[in-house]
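Read-outs throughout are calculated quantities, based only on the coordinates presented, and are distinct from any laboratory measurement. Since this is a predicted model, take the numbers as computed values, not measurements. Virtual Cβ from ideal backbone geometry, glycine too; neighbours counted across all protein chains shown.
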Amino acid sequence: MSDHHNRYSNNPKLIPLKKNIMKKVTALYLGFLLLMMALSNNGYSLTLNSNISGGYDSNPSTLADKFNPEASTFIRIRAVINQKISSNIKAKISVNSRQYNSDGENADTNRSKLSLKYKDTIGKKMRSKLILSANIGTFDKTYVSHTTGNIGTFSEQDISDRYDYQWWSTSASLSKKITKRLTANFGSEILLRDYEDYDIAGLSNFDYRQLTFSTRWHYRFSKAHRSILNMGLSKREYDDKRELTLTGATIENSDLMYTHQKLSLSHRYKVTRHLTLEGTASYFSQQDSGQGYYDYIRLASQLAIRYRVLPLSNIQLKIDYRRDDYERANAQNNNTQDEEDTLSTREGRTVSLRFESKFPFKALLGKRPTKSYPTLYAQWQNKSIEANDANYTYDRQQVQAGILFHF
């Protein structure tokens, strides 16, 4: 194994321990599915969407080739539970965990979210829909440095939890049907992120608060054509992070802020009953409150081709492209605090292919709509990233297969 492998893999006692833990987690998960199926079939106002899959990842930590990244197998578990409290209020809990075997365990990722949502309808003929929500969540993943291939350190101190955080948000949105073909949505959100705290001199603080205003316009030209326009404007303020000059030097007594502008346009075309095409083009701009060291523009596009091969089976090809261009010059990177803040260009391409098929297990699930049938799927993805810094140039392939349940 390479020396960057991880801080645990050299201990052989931990490898079978982790395998046993994963077996227990999988068994508990399957027992939980059976419980939810029993509850949902007995009139409880609980619904569950759950996904369990396994696969292969050629580069779990997205490292450059010079670090000889080791491939690893993984298991992924996702579950979303909805509880209807009243006709207008719903609670939701979601968890999303990807666990690698010992070769890639530094890429283990865990997310969780708890939401409370209020929904109401205003008006009769041309109705409006009001949605209010409050959310809290967590994110956990070990920080692996792209410049060393090892777990992140700063001033010779471990910062493996640097990108772990808790977050809180509140949002409101109002959807209005302008005409039979046109629907408009207006929304706002307040988001706070609290990252892992480190008392290390010179290390920046990622904690921030952000206010976002957005609008979405949905227009249906016909049964075959529809377009969606999204626009957004955000203001982000960091609690304790400094602005930088264009050469990467810290501007003392400054408080960093970002302004984000987002614009995207998508169009879907149902060519036939079996074939659907969808394309999206998007623009994202970030401007900082200082001299522009953090300024960048992202241009992205996506093409998706979906073909229904059988009444309950389909195959989808998706191609993504994006490019980030920063204001800072390639030769003026003196900032050593945050690795990715030294990039001046980054370009990425992703190609994915997915096959899925629904199975109407009526004897097991009772009378349910087609969308609630269990879904088996298999997918392949290839991602290629090129950057001005070779440490951030990498390739990654993933193959996985799984099953999605609806209860």
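Label sites at ARG349 and ASN253, each approximated as a point 7 angstrom past Cα along Cα to Cβ, lie 5.1 nm apart.
A DSSP coil position with no more than 13 other Cβ atoms inside 10 Å describes the following trypsin sites (Lys or Arg not before Pro) in the stretch 93-171: LYS124, LYS125, ARG127. Among the trypsin sites (Lys or Arg not before Pro) within the stretch 168-211, those in coil by DSSP and having at most 12 neighbouring Cβ atoms inside 10 Å are LYS180, ARG181.
Pairs from the table (LYS262/LYS383; LYS92/LYS223; LYS113/LYS358; LYS235/LYS262; LYS129/LYS270) lying more than 21 angstrom apart at Cα are LYS262/LYS383; LYS92/LYS223; LYS113/LYS358; LYS129/LYS270. Taking one quarter of the surface of the convex hull spanned by the alpha-carbon atoms of the stretch 102-175 gives a direction-averaged projected area of 7.9 nm².
Under 19 Å of direct C-alpha separation, and excluding same-chain neighbours fewer than eight residues apart, LYS177 reaches these aspartates and glutamates: ASP120. With a bin width of 5 angstrom, please list the P(r) values of the stretch 55-97 as percents of all Cα-Cα pairs, from the 0 bin to the one holding the largest distance. Here the calculated profile for the stretch 55-97 is 5, 17, 15, 12, 11, 9, 8, 8, 7, 4, 3, 0. A DSSP coil position with no more than 14 other Cβ atoms inside 10 Å describes the following GluC sites (Glu not before Pro) in the stretch 219-282: GLU252. Cβ-to-Cβ counts within 10 Å put ILE89, ILE228 in ascending order as ILE89, ILE228, the fewest first.
Quick one: what are the phi-derived ³J(HN,Hα) couplings along the stretch 59-73, Karplus 6.51/-1.76/1.60 with θ = phi - 60°, whole Hz, x for glycine and proline? Each residue's phi maps through the Karplus curve to give 8, x, 9, 6, 8, 5, 4, 5, 8, 6, x, 8, 6, 7, 8 Hz. Give me the Å³ per residue figure for the convex hull around the C-alpha atoms of the stretch 14-406. For the stretch 14-406, the hull spanned by Cα atoms encloses 166 Å³ per residue. The ellipsoid equivalent to the alpha-carbon distribution of the stretch 96-247 has semi-axes of 40, 19, 16 angstrom, derived from the gyration tensor eigenvalues as √(5λ) and listed largest first. A simple spin-label model places pseudo-atoms 7 Å from Cα toward Cβ; at GLU237 and ILE315 they are separated by 5.4 nm.
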